[in-house]
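Input: a single structure, listed below in structure tokens.
The values are calculated or read from the model by the stated rules, or taken from the named source; none is laboratory data. This structure is a prediction, so every number in the text was calculated from the model and none was measured. Note: ideal-geometry Cβ built from the backbone for every residue, glycine included; neighbour counts use all protein chains shown.
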Amino acid sequence: MDRQRQFVLRTLEERDIRFVRLWFTDVLGYLKSVAVAPAELEGAFNEGIGFDGSSVEGFARVYESDMVAKPDPATFQVLPWETDGGRVYSARMFCDIAMPDGSPSWADPRHVLRRVMADAAAMGFTCYVHPEIEFFLLKDLPQDGSSPVPADSGGFFDQASHDAAPHFRRRAIESLEAMGISVEFSHHEGAPGQQEIDLRYADALTMADNIMSFRYVIKEVAITQGVRATFMPKPFADQPGSAMHTHFSLFEGESNAFYDPEDPYQMSATGKAFLAGVLRHAPEFTAVTNQWVNSYKRLVLGGEAPTTVCWGQANRSALVRVPNYSPGKASSQRIEVRSPDSSTNPYLMFAVIIAAGLRGIKNNYPLPAPAEDDVWSLSDAERRAMGYVDLPNSLGLAVEAMERSEFIAETLGEHVYEFFLRNKKAEWDAYRRQVTPYELSRYLGL
């Protein structure tokens with residue numbers, strides 16, 4: 001038995017842990033869990049835990065439903081808040097999903113990202129990511145469709161004590177750090193109730209696992225503070241939405257492959273080609289980075305979110321920014337992709353963006369000139385005249401772009417690609433049939 005498995009089994013015994021939660025993620029990014037007793041874990045390491053894949057979104061059809069969850073001992077962590085008088089109750093591990101014959105499941109989002117990371121490794125690269133995760137704290141989660149109420153009335157970087165959960169961020173960060181998830185920054189964001197917590201960079205697979213843990217921890221800690229957390233992209237019409245601006249960099253060993261001190265932007269040819277790939281394929285992957293009908297209420301002109309395919313250095317209206325916080329520091333060279341929202345499936349989101357960048361490197365895509373204009377202030381005609389391409393502005397248009405994309409089909413694999421398209425088409429069709437309160441108030445008198 002390898003050392004990681006031995007460590008897990010020894011820790012379970014020494015800390016008298018009663019349950020181990022085996023976590024995995026469905027195609028839409030929902031966290032799934034099955035709890036096992038410690039006595040069953042050695043068998044789970046060897047053989048996995050069988051389950052009905054047809055009951056999980058996007059995993060299998062009824063006639064091919066048997067699947068196996070195989071726990072990854074490298075992801076073992078004790079859940080820090082589940083204690084009673086110092087006694088630990090449970091821990092968690094992420095799982096890789098396999099078929100009964102042991103082969104990886106093509107429906108597993110973790111496997112989709114692993115394949116892209118293997119492609120990067122074959123080119124000599126390791127990809128590191130650093131997300132800035134925004135979300136809202138609410139006084140409650142109304143179930144009747146009524147408007148939610150923010151938990152506070154704070155604004156950007158406000159330090160004042162708030163109406164509810166004044167110690168929320170401290171408690172959340174303590175819980176994250178206890179699980180080995182390093183936090184770099186945290187602050188109140190611009191809208192009432194809106195928070196941002198930035199995770200310290202890690203390789204893409206570790207970070208995707210961390211984001212899934214993050215969303216779970218945030219919701220659990222919020223409940224202990226008497227509030228509720230939501231990662232809905234745009235819960236308030238008159239406030240900014242919740243983004244997950246994500247920084248990407250490629251390393252060759254210890255060297256940042258994006259860094260060139262002689263370039264005006266300190267960006268190497270590799271970095272420029274990666275950025276060009278992200279820009280070229282952005283309309284195709286937008287359905288993945290912004291996967292809900294509500295996501296497109298955030299991606300509107302003047303809404304502090306990108307609407308146009310372009311890049312710049314200090315330009316926060318651009319889809320991709322090349323930050324310059326630490327000029328001359330090679331390890332800091334990176335790109336910041338600003339379209340994803342915090343409700344995305346992180347495994348698929350990282351997979352399509354990294355794959356787009358790698359395709360740019362493989363095919364030596366040319367990088368267009370930077371946009372230093374405030375793209376939000378330009379008219380449609382001005383943007384077209386300047387050669388800018390708009391991002392899809394609805395889930396329907398995003399799905400159409402994805403459906404035409406050989407690149408996305410290849411990256412996600414046939415199973416995930418087809419299920420994702422089918423599910424998003426159904427969501428868009430259901431949304432289009434709705435008659436909203438806005439329409440009733442505006443048109444009922446016709």
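Has the range 386-400 got at least one residue that is out of contact with any Ser or Thr (no Cβ under 9 Å at 6 or more places or on another chain), modelled with pLDDT of 95 or more, over 25 Å from PRO131 (Cα atoms) and surrounded by 12 or more Cβ atoms within 10 Å (Cβ to Cβ)? Checked against the condition, which is being out of contact with any Ser or Thr (no Cβ under 9 Å at 6 or more places or on another chain), modelled with pLDDT of 95 or more, over 25 Å from PRO131 (Cα atoms) and surrounded by 12 or more Cβ atoms within 10 Å (Cβ to Cβ), the range 386-400 yields at least one hit. A search for C-beta distances below 7 Å between a residue of the range 343-355 that is touching a residue at least 40 places away in the same chain (Cβ under 8 Å) and any residue that is among the small types (Gly, Ala, Ser), counting only pairs 6+ apart in sequence or on different chains, returns THR344/GLY29; ASN345/GLY29; PRO346/ALA208; TYR347/ALA208; PHE350/ALA204; PHE350/ALA208; ILE354/ALA120; ILE354/ALA204. Evaluation of ASP238 against the conditions (1) surrounded by 20 or more Cβ atoms within 10 Å (Cβ to Cβ); (2) free of Cβ contacts under 8 Å to residues at least 60 places away in the same chain; (3) in a loop (DSSP other than H, G, I, E, B) shows that the sole unmet condition is (1). You will find that of ALA273, ALA243, the residue that is buried (at least 18 other Cβ atoms within 10 Å of the Cβ) and touching a strand residue (DSSP E or B) at 6+ places or on another chain (Cβ under 7 Å) is ALA243 and no other. For the range 10-44, the set of residues classified as assigned to a helix (DSSP H, G or I), out of contact with any Pro (no Cβ under 7 Å at 6 or more places or on another chain) and buried (at least 17 other Cβ atoms within 10 Å of the Cβ) consists of PRO38, LEU41, listed by residue number. Would it be correct to say that VAL293 is part of a loop (DSSP other than H, G, I, E, B), at pLDDT 90 or above and not hydroxyl-bearing (Ser, Thr, Tyr)? Yes; evaluated as a whole, the condition is true for this residue. Only one of the numbered conditions (1) within 24 Å of MET349 (Cα to Cα); (2) charged (D, E, K, R); (3) modelled with pLDDT under 85 is violated by LYS32, and that is (3). If you go through the range 1-31 and keep only what is of a type in the set (Asp, Glu) and either closer than 21 Å to GLU47 by Cβ or not assigned by TED's automatic domain parsing to the domain that holds LYS70 (or both), you end up with ASP2, GLU13.
Note on the range 210-235: residues that are without any contact (Cβ under 8 Å) to a residue 60 or more places away in the chain and farther than 18 Å from PRO340 by Cα total 3. Filtering the range 306-314 for residues that are touching a helix residue (DSSP H, G or I) at 6+ places or on another chain (Cβ under 8 Å), aliphatic (A, V, I, L, M) and crowded, with 22+ Cβ neighbours inside 10 Å leaves a non-empty set.
Here's the yes/no breakdown for (1) in contact with an Asp or Glu (Cβ under 9 Å, 6 or more places away or on another chain); (2) assigned to a loop (DSSP other than H, G, I, E, B); (3) not charged (D, E, K, R):
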| position | (1), (2), (3) |
| --- | --- |
| ILE361 | no, no, yes |
| TYR365 | no, yes, yes |
| ASN393 | no, yes, yes |
| ALA409 | yes, no, yes |
| VAL416 | yes, no, yes |
| LYS425 | yes, no, no |
| GLU439 | no, no, no |
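Within the range 172-209, which residues are part of a strand (DSSP E or B), in contact (Cβ under 8 Å) with a residue 24 or more places away in the chain and either in the same structural domain as LEU31 (by TED's automatic domain parsing) or closer than 18 Å to PRO80 by Cβ (or both)? Passing the criteria: ILE197, LEU199. So is PHE420 over 15 Å from HIS281 (Cβ atoms), outside any strand (DSSP E or B), among the hydrophobic types (A, V, I, L, M, F, W, C) and in contact (Cβ under 8 Å) with a residue 12 or more places away in the chain or not? Against the criterion (over 15 Å from HIS281 (Cβ atoms), outside any strand (DSSP E or B), among the hydrophobic types (A, V, I, L, M, F, W, C) and in contact (Cβ under 8 Å) with a residue 12 or more places away in the chain), PHE420 qualifies. Can you say whether SER317 is crowded, with 20+ Cβ neighbours inside 10 Å and in a strand (DSSP E or B), as far as the supplied structure shows? Criteria not met by SER317. When residues in the range 103-132 are screened for being modelled with pLDDT under 95 and among the hydrophobic types (A, V, I, L, M, F, W, C), 2 of them pass.
Within the range 61-102, the set of residues being modelled with pLDDT under 85 and among the polar types (S, T, N, Q) comprises SER65, THR83.
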